[in-house]
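Heads up, the thing below is written out as structure tokens.
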Amino acid sequence: MKILVCISHVPDTTSKINFTDGDTKFDTNGVQFVINPNDEFGLTRAMWFKEKQGATVDVVNVGGPETEPTLRKALAIGADGAIRVNTPATDGYAVAKQLANVVKDGGYDLVIAGRESIDYNGAMVPGMLAELIGANFVTNCINLEVDGTNAKAVREIDGGKETVSTTLPLVIGGQKGLVEESDLRIPNMRGIMMARQKPLKVMEPVDVSTETSTVKFEKPAPKGAVKLVSPDNLDELVSLLHNEAKVI
């Protein structure tokens with residue numbers, strides 16, 4: 001089984017976010033970038049398939065040379081090879097088109113992507129990718145088993161879980177639960193040294209139109225002042241909730 005894991009290069013959640021050029025561009029100065037958490041769950045599950053079933057695992061990213069350290073970390077975790085599509089990740093459709101070209105070129109049976117990236121939270125790329133390559137698709141995936149060309153997946157739904165049976169080729173949108181957080185792997189020195197010898201292929205992008213563009217970024221409004229009300233003064237609390245907060 002050939003597995004392709006899609007890796008997004010995203011800011012660490014502890015990074016301070018700023019914008020430049022009139023709030024139209026993300027300021028990367030001083031920002032630490034990491035593997036998208038949902039993708040890291042998927043990569044860890046792919047490592048399980050590699051170790052238990054002898055699968056081959058490649059990772060892919062759409063982006064410039066600045067994303068290569070993130071791909072190298074994925075290689076250090078255990079992926080066999082990496083692919084970087086040499087173009088900025090402009091919008092979800094453009095990224096899906098580039099990934100579809102990689103999948104078709106590589107003949108992958110299973111594509112594991114994160115449900116969404118933590119920077120834009122679009123949750124659109126895996127579904128569009130599945131449509132473009134004609135594969136089955138399961139999103140919000142929290143468990144996956146593969147037996148030959150048959151697969152059984154569990155996905156999170158409102159109020160519960162749903163188990164579905166499907167076949168390869170398959171694209172999943174994984175999330176927390178696909179593996180436990182305690183199962184996530186930190187690259188050791190041996191893995192880091194081996195990653196330097198593993199192939200990192202740079203592919204030139206296919207010609208594709210961009211369907212959306214960023215107009216402006218805006219930070220959430222700062223928190224307002226807090227009014228403290230004595231628990232003995234319920235009349236004042238009700239008045240504030242009714243007249244100021246207007247929630248009752």
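The values are calculated or read from the model by the stated rules, or taken from the named source; none is laboratory data. Note that the structure is a prediction, hence the values are computed from the model and not measured. For neighbour counting, all protein chains shown are included, and Cβ atoms are generated from backbone atoms with ideal geometry for every residue, glycine included. Side chains included, ligands, DNA and RNA excluded: accessible areas come from the protein's heavy atoms. Shrake-Rupley method; radii C 1.70, N 1.55, O 1.52, S 1.80 Å.
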Report task. Calculate for the chain the 222 nm mean residue ellipticity that helices alone would give, adding -39,500 (n - 2.57) per DSSP H run of length 4 or more and normalising by residue count, nearest 500 deg cm²/dmol. Result -> -8500 deg cm²/dmol
Report task. Counting only DSSP beta bridges with both residues in the stretch 1-104, tell me the antiparallel percent, nearest 5. Result -> 35
Report summary line: Computed over the chain, protein heavy atoms only, probe 1.4 angstrom, the accessible area per residue in square angstrom equals 57
Query raised in the report: Got a number for the accessible area of Phe49? Probe 1.4 Å, square angstrom, nearest 10.
Result: 0
Report task. With 23 Å as the limit, write out which pairs from Lys73/Lys104; Lys50/Lys201; Lys223/Lys246; Lys152/Lys201; Lys2/Lys97; Lys52/Lys161 have Cα-Cα distances beyond it, or answer none. Result -> Lys73/Lys104; Lys152/Lys201; Lys52/Lys161
Report task. Determine the principal axes of the Cα atoms in the stretch 151-198, then give the extent along each, sorted from largest to smallest and rounded to whole angstroms. Result -> 43, 26, 13
Report task. Using only protein heavy atoms and a 1.4 Å probe, report how much of Asp23 is accessible, in Å² to the nearest 10. Result -> 60
Query - Between the stretch 134-164 and the stretch 187-248, the Cα center-to-center distance that results, in Å - result: 27
Report summary line: Reported to the nearest 10 Å², Ile17 has, with a 1.4 Å probe, an accessible area equal to 60
Query raised in the report: What are the DSSP H helices in the chain that stretch 20 Å or more along their long axis, judged by alpha-carbon atoms, and whose average Kyte-Doolittle hydropathy comes to at least -0.5?
Result: 92-106
Requested in this report: Mind checking which of Gly22, Met128, Pro187 is farthest towards the positive end of the stretch 2-219's charge dipole, using Cβ charges of +1 (Lys, Arg) and -1 (Asp, Glu) about the Cα centre?
Outcome: Pro187
Report summary line: Once His242, His9 are ranked on solvent-accessible area with the largest value leading and a 1.4 Å probe, the list reads His242, His9
Query - Student exercise, the stretch 157-199 dipole from Lys, Arg, Asp, Glu Cβ charges, in Debye to nearest 20 - result: 440
Requested in this report: For the chain, give the share of DSSP beta bridges that are antiparallel, in percent and rounded to the nearest 5; count only bridges with both residues there.
Outcome: 40
Query raised in the report: Charges only on Cβ, +1 for Lys and Arg, -1 for Asp and Glu: so what's the dipole of the stretch 96-161 about the Cα centre, in debye to the nearest 20?
Result: 80
Report summary line: Ranking Leu228, Leu71 from most to least accessible area with a 1.4 Å probe gives Leu228, Leu71
